[in-house]
Amino acid sequence: MYFWLLIRPPRPSSTLPSMIRAEQAIQQAYRLDLDSTELLLQLAAALHSAGKWFDADTAARRALLYGAGAPAYKVLADALMEQHRYDDALAAYRAAIDDPSAAAAVVLHCKKQANHLLHFHLGRPEEAMD
């Protein structure tokens with residue numbers, strides 16, 4: 001009687017056109033040799049949120065070239081973690097934590113993620129941070 005609730009026609013992805021536009025915007029930004037640290041950070045965060053971790057990694061590294069510091073290291077580490085590049089992610093988290101200008105929320109996030117990596121992915125709980 002209620003079987004029709006289990007059978008739903010697939011919904012067309014409304015995000016596909018926006019993802020295509022985002023990809024085009026990314027390519028355009030790189031062609032323009034974008035050097036705005038804040039814009040690169042926002043781009044890296046948006047790419048990470050969209051699941052485009054390699055592109056987020058690239059944008060975060062570019063932001064670091066322009067002196068973005070801890071926020072860029074955080075996004076870079078998060079992207080590396082999603083790519084299962086755990087040692088590299090740990091190094092980026094540590095760089096963010098060691099940045100004296102890092103905001104408390106960034107440091108807290110990075111310590112939490114670094115400890116998670118050390119305990120569950122790298123098997124080195126003795127290196128965990130307070």
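Count of segment 1-50 residues, restricted to those that are farther than 25 Å from GLU82 by Cα, exposed (fewer than 10 other Cβ atoms within 10 Å of the Cβ) and either of a type in the set (Ser, Thr, Tyr) or at pLDDT 65 or above (or both), is 4. For segment 80-130, enumerate the residues that are surrounded by 16 or more Cβ atoms within 10 Å (Cβ to Cβ), over 17 Å from ALA63 (Cβ atoms) and aliphatic (A, V, I, L, M). Scanning segment 80-130 gives MET81, LEU90, ILE97, VAL107, ALA114, LEU117, LEU118. For the residues ALA91, ALA114, the requirement of being in contact with a Phe, Trp or Tyr (Cβ under 8 Å, 6 or more places away or on another chain) and hydrophobic (A, V, I, L, M, F, W, C) singles out ALA114.
Take segment 54-75 and flag every residue that is in contact with an Asp or Glu (Cβ under 6 Å, 6 or more places away or on another chain) and either aliphatic (A, V, I, L, M) or buried (at least 21 other Cβ atoms within 10 Å of the Cβ) (or both).
Keep residues of segment 54-75 that are in contact with an Asp or Glu (Cβ under 6 Å, 6 or more places away or on another chain), which gives 66, 69-70.
Matches in segment 54-75: ALA70 only.
The values are calculated or read from the model by the stated rules, or taken from the named source; none is laboratory data. All values reported here derive from a predicted model rather than from experimental measurement. Every residue, glycine as well, gets a Cβ built from its backbone with ideal geometry; the counts of neighbours run over all protein chains shown.
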